[in-house]
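Trainee: Dropping the structure in here first, questions after.
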Amino acid sequence: MNTKTKQTVFKTLVIVILTICSLVVLYPIIYVISNAFSPKATAANSNPIPFADGFSTIQFEKLFNETNYLLWFQNTFIIALCTAILTVICCSLAAYVFSRFKFMFKKSMMMAMLILQIFPSFVGMIAIFVIINRIHAYNQLWGLVLVYVAGNIPYNTWLVKSYLDTIPKSLDEAARIDGANHLKIFFRVILPIARPMIIFLAITSFTGPWMDWIFPKMVLGQNEKYTLAIGLISFIDGTRNQFTLFAAGALVICIPFVIFFIISQKAMTTGLGAAAVKE
């Protein structure tokens, strides 16, 4: 077997392996899409071949007319938007303080923030539930927002602080000579330069609540207060088996997310690259 034949065999083998891997990855996605347009109420006896059972929009009609899907979407959007805004405000201000000021226990507090990220979030669920009950935030959207913001602060503060450290302090000194106070320096000098990181922080904080199930399940108890994650999972829990309805809901939420990520892709990659820059 000559060299040219070996290269041909190798390329063919690579193509076959990549094709198989692609089918393994894409088949579940295509299967969910086909079930979303299936006329059957359940996937228990559905055909494993996508779209073999026919094509129908009945699942989407049930989704919008017989469930609280739009209300769940509204709840999730409100929670995500408030979480993003509060996270950006708290983390950017805290990062500025840690980056530009000297005070006692500064290094200890930064180390504590990093240590908090070692433990999985469910470790503190009992404590979080007790606190939520004590402040009467159970079954309230703002209670879930507080949980998300509190969880976002440690790591994101450290991340933004690392970026602010790369901004020369000579800019602060020049602005101070011109009579600017700390707030003016922060809003007019630091924030414009740190815009890529702030956008990245806002995007990641906004997308997080859409995919979380554990904390909404713990904090929210009524169907009218559900987020999309809890609402969709309720279609396929132990008492119900409406996978086709679940597939329709999952497909609907995927469409705006794909558009959102396409639009924000440049901002996210810029923010990630900026976070890796060190002086």
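The values are calculated or read from the model by the stated rules, or taken from the named source; none is laboratory data. Not measured: the values here are computed from a predicted model. We place every Cβ from the backbone using ideal geometry, glycine too, and count neighbours over all the protein chains shown.
Trainee: Mind telling me which of the residues Phe187, Phe200 ends up being in the same structural domain as Ser92 (by TED's automatic domain parsing), buried (at least 16 other Cβ atoms within 10 Å of the Cβ) and at pLDDT below 90? Reasoning before the result, please.
Mentor: Values: Phe187 fails: buried (at least 16 other Cβ atoms within 10 Å of the Cβ).
Being in the same structural domain as Ser92 (by TED's automatic domain parsing), buried (at least 16 other Cβ atoms within 10 Å of the Cβ) and at pLDDT below 90 holds for just one of Phe187, Phe200, which is Phe200.
Trainee: Can I ask one more? Could you tell me which numbered condition Ile49 fails, if it satisfies all but one of (1) among the β-branched types (Val, Ile, Thr); (2) assigned by TED's automatic domain parsing to the domain that holds Lys217; (3) over 19 Å from the mean Cα position of the chain (by Cα)?
Mentor: The number of the failed condition is (2).
Trainee: Please state which one of Lys40, Lys11 is over 26 Å from Phe187 (Cα atoms) and either among the small types (Gly, Ala, Ser) or out of contact with any helix residue (DSSP H, G or I) (no Cβ under 9 Å at 6 or more places or on another chain) (or both). Walk me through how you get there before you give the answer.
Mentor: Values: Lys40 fails: either among the small types (Gly, Ala, Ser) or out of contact with any helix residue (DSSP H, G or I) (no Cβ under 9 Å at 6 or more places or on another chain) (or both).
Testing whether each residue is over 26 Å from Phe187 (Cα atoms) and either among the small types (Gly, Ala, Ser) or out of contact with any helix residue (DSSP H, G or I) (no Cβ under 9 Å at 6 or more places or on another chain) (or both) leaves just Lys11.
Trainee: Name the single residue, out of those in segment 139-158 being surrounded by 15 or more Cβ atoms within 10 Å (Cβ to Cβ) and aromatic (Phe, Trp, Tyr), that is farthest from Arg100 (Cα to Cα). Walk me through how you get there before you give the answer.
Mentor: So in segment 139-158, the residues surrounded by 15 or more Cβ atoms within 10 Å (Cβ to Cβ) come out as 140-141, 143-154, 156-158.
Still in the running and aromatic (Phe, Trp, Tyr): 148, 158.
Values: Tyr148: 26, Trp158: 13 Å.
Among those that are surrounded by 15 or more Cβ atoms within 10 Å (Cβ to Cβ) and aromatic (Phe, Trp, Tyr), it is Tyr148.
Trainee: Please work out which one of (1) assigned by TED's automatic domain parsing to the domain that holds Leu144; (2) touching a Gly at 6+ places or on another chain (Cβ under 9 Å) is the condition Ala36 fails and give its number.
Mentor: For Ala36, the failing item is (1).
Trainee: Within segment 237-269, work out how many residues are more than 18 Å from the chain's Cα centre (by Cα) and modelled with pLDDT under 75.
Mentor: Total meeting the criteria: 3.
Trainee: What helices (runs of 4 or more DSSP H) completely inside segment 1-100 contain at least 1 residues that are within 30 Å of Ala194 (Cβ to Cβ)?
Mentor: The qualifying helices (runs of 4 or more DSSP H) are 69-100.
Trainee: Exactly one condition in (1) surrounded by 14 or more Cβ atoms within 10 Å (Cβ to Cβ); (2) among the hydrophobic types (A, V, I, L, M, F, W, C); (3) over 29 Å from Pro256 (Cβ atoms) is false for Ile126; which is it?
Mentor: (1)
Trainee: Also, I was wondering about something else. Quickly run through segment 113-160 and pick out the residues that are touching a Gly at 6+ places or on another chain (Cβ under 7 Å), in a helix (DSSP H, G or I) and over 20 Å from Thr204 (Cβ atoms).
Mentor: Answer for segment 113-160, where residues must be touching a Gly at 6+ places or on another chain (Cβ under 7 Å), in a helix (DSSP H, G or I) and over 20 Å from Thr204 (Cβ atoms): just Ile132.
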